[in-house]
Amino acid sequence: MRSTNSKLRKTNIKLAALTFLLFTSNLMACKSSMEEDLAPADDVSSEAVVSANELGDEQALAGSFHLKDYTFKTVFDFPIGAAVVKERLEEPLYDKTLRKDFSRLSSESNFKFKSLHPEEDKYTFEKADAIVEYAKRNNMVVHGHTLVWSHDGTQPKWLLNHKGGAAEFDRLLKSHIQTVLKHFKGKVSSWDVVNEAIADNGEFKNSIWYRKLGREYFFKAFKYAHEADPNIKLFYNDYGQEFGGKKMRTIMALIEEAKQRGIPVHGMGFQLHTVLRITVSKITTNLALAASKGLLIHISEFDVSVKKNKPKTFILDDLLAREQGEKIKAIVKGYLQTVPKKQQFGITTWGVSDNDSYFNKAYPNRDHDYPLLFDKKYKAKRAYRGFIEAGLGR
Ligand code: 9MR
């Protein structure tokens, strides 16, 4: 009898424990669906909750946080930017994502020579103006990209076919820069004056500007830009100099020479179209080198490609998404720790979502990549979370 009673008691205790478990797990399910319901309807970028057990050990110790409580605007002291394409600004998710997180706009193409100056006697400012208007309406600043690009493939035909020697091209360079800067005076506060002038071997790239004006075009461009608008910040922008070597040495020497000649170069853009296997300490060494000369430092075209060795149809899985998030976090942390606050000009991603990354646009049949912070439906990826975590110092 005793043993039957004790068996019954044990069964009752087990049942009570089971009921309690079921009850609490129901409550939890209810809570998490409530939290999802409570997320603002227009909050296109928040993942509901980042819980400790979703994170690695280190972050778990730091506790949980709600990603939706933060945006780039609230986390960072400097602007986080995105390169946009005028036509997409009216797409609802693109627009919402931009407005929620971004406070600087660059443009993938709309401020380039070919777009603004398609014929010798014709300037077309409409698309770039629309970006400036959009930025103004939404309290964003605009970074102009780019006045001079040392790449013939991106020039209008008329420029490449133009007759004349150094004096004529000097005139063209000056009039393009000064017409554009006059047009955007008071509206665009910083510019990439020269883009991608130097090759990996430290030599000037062969371009129409170099063939006509030699290395002087570099100095002339900054001089003409400063004359046109002494209030804007002038940048040299390039890729690959984050690895140092001859390319970085030449760029630093050119900027030093400009300084000696009284020609201002205020900052350096490190594009950082980068990949997962990148060594962050290499990047920070070269960010530090540029910063040691007092330059403003812009990570100007940031994205982290994950497609290497993948078939063109591959889908970003959770593991790779995490890896990308960690890499982005490490790079943003590196920037914050290496560049003195006053020289932190900002970080700009090259596009908004994986849906509009130039990787997928430029090579639609060859590559399939997921290099940005938002997925193709504009939902924040782990990449976004890594970025925010870096800003929060987690
Ligand atoms: O992303 C840009 C793409 O849409 C344009 O077709 C291309 C040519 O104008 O330029 C791309 O942007 C480049 C930027 O201007 C300079 N750094 C490399 C970028 C990617 O190629």
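Coordinate-derived values only; no laboratory data. These figures come from a predicted structure and were not determined experimentally. Ideal geometry is used to build each Cβ from the backbone, glycine not excepted, and the neighbour counts take in all protein chains shown.
Could you give the C-alpha radius of gyration of the range 139-279 expressed as a fraction of 2.2 N^0.38 Å, taking N as the number of residues it contains? Intermediate results must be reported in sequence, preceding the final value.
Values: Rg = 15.1 Å, N = 141, 2.2 N^0.38 = 14.4 Å.
Against the empirical 2.2 N^0.38 Å value, I get 1.05 for the range 139-279.
Give me P(r) over the range 85-191, computed from all C-alpha to C-alpha distances, binned every 10 Å, as integer percentages. The percentages, shortest bin first, are 13, 45, 27, 12, 3. Averaging 1/r over every pair of different alpha carbons in the range 254-394 and inverting the result gives a Kirkwood radius of 16.0 Å. Taking the range 288-305 and a reference point 7 angstrom along Cα→Cβ of Phe243, the backbone N atoms nearer than 16 Å belong to 305.
FRET efficiency for the pair Asn201 and Thr285, taken as 1/(1 + (r/R0)^6) with r the Cβ-Cβ distance and R0 = 25 Å, rounds to 0.80.
Going 7 Å from the Cα of Lys310 toward and past its Cβ, which residues in the range 253-292 have a backbone nitrogen under 13 Å from where you end up? What the label zone holds, given the 13 Å backbone N cut-off, is 275-277. Modelled spin labels at Glu227 and Glu326, positioned 7 Å past Cα toward Cβ, are 5.4 nm from each other. Computed on the Cα atoms alone, the convex hull of the range 256-321 gives a volume of 113 cubic angstrom per residue. Modelled spin labels at Arg277 and Ser189, positioned 7 Å past Cα toward Cβ, are 4.0 nm from each other. Longer than 25 Å from Cα to Cα, which of Lys185/Lys205; Lys182/Lys246; Lys182/Lys205; Lys157/Lys220; Lys68/Lys361 are they? Say none if no pair is. Where the Cα-Cα span goes over 25 Å, the pairs concerned are Lys185/Lys205; Lys182/Lys246; Lys182/Lys205; Lys68/Lys361.
For Lys163 and His66 in the same chain, what is the full-extension length gain: residue separation times 0.36 nm, less their Cα-Cα distance, in nm? All intermediate terms of the calculation are to be shown ahead of the outcome.
Working: separation 97, 0.36 × 97 = 34.92 nm, distance 6.09 nm.
In short, 28.8 nm is gained.
Once the C-beta distance of Arg171 and Lys122 is scaled by a Förster radius of 25 Å, the resulting FRET efficiency is 0.90 to the nearest 0.05. Note on Thr154 and Lys379: their simple-model spin labels are 3.4 nm apart, each label 7 Å out from Cα toward Cβ.
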